[in-house]
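Notes to accompany the following structure.
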Amino acid sequence: MNPNTIEVAFDHNHRLVAGGDGSVRFERVILMLDGDAAGRAGSRTISTKLHHKCEVTVIALSDGTQPDHLSTAEVGSMLLAANKERRDRHRTEQR
């Protein structure tokens, strides 16, 4: 697994499974799932479930790309680009 990623799991009801009591809180989540139909569907499902609890950014990977096969530099570059887009969007909204 890439050292810049964490894995989270959802149960069959699409509830976040995080530790013993599930009380983990996030202010912002960046999703980077597989670049296939299942990964895109999963990103939509997870984003829909979380968007009312925290800010959600989805990094869409090209077809066939898997996050765990990306280098640290590739992941870092994608995260920097996502953060730049977020900052630019917030600046535009504040005007």
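Just give me the residues in the range 43-67 being surrounded by 12 or more Cβ atoms within 10 Å (Cβ to Cβ) and of a type in the set (D, E, K, R), in sequence order. Before the answer, list the steps.
Initially, the range 43-67 is screened for residues surrounded by 12 or more Cβ atoms within 10 Å (Cβ to Cβ), giving 43-47, 49-50, 53, 55-61, 65-67.
Residues satisfying the conditions are Arg44, Lys49, Lys53, Glu55.
Pairs, please: C-beta under 7 Å, at least 6 apart or cross-chain, first residue over 11 Å from Ile59 (Cα atoms) and in the range 71-95, second β-branched (Val, Ile, Thr)?
Final answer for the pair search is Arg86/Thr57.
With the requirement that a residue be hydroxyl-bearing (Ser, Thr, Tyr) and either at pLDDT 95 or above or part of a strand (DSSP E or B) (or both), what does the range 45-61 give you? Talk me through it step by step, then tell me what you get.
Taking the range 45-61 first, the residues hydroxyl-bearing (Ser, Thr, Tyr) are 45, 47-48, 57.
Across the range 45-61, the qualifying residue is only Thr57.
If you check Val75 against the conditions, is it in contact with a helix residue (DSSP H, G or I) (Cβ under 6 Å, 6 or more places away or on another chain), surrounded by 13 or more Cβ atoms within 10 Å (Cβ to Cβ), β-branched (Val, Ile, Thr) and at pLDDT 90 or above? Quick ask: steps written out before the conclusion?
On the way: in contact with a helix residue (DSSP H, G or I) (Cβ under 6 Å, 6 or more places away or on another chain): no; surrounded by 13 or more Cβ atoms within 10 Å (Cβ to Cβ): yes; β-branched (Val, Ile, Thr): yes; at pLDDT 90 or above: yes.
Answer is no for this residue.
Out of the residues in the range 28-43 that are assigned to a helix (DSSP H, G or I) and hydrophobic (A, V, I, L, M, F, W, C), which is farthest from Gln66 (Cα to Cα)?
Among those residues, the one meeting the criterion is Ala41.
The values are calculated or read from the model by the stated rules, or taken from the named source; none is laboratory data. Since this is a predicted model, take the numbers as computed values, not measurements. Here Cβ is always computed from backbone atoms with ideal geometry, including for glycine, and neighbour counts include all displayed protein chains.
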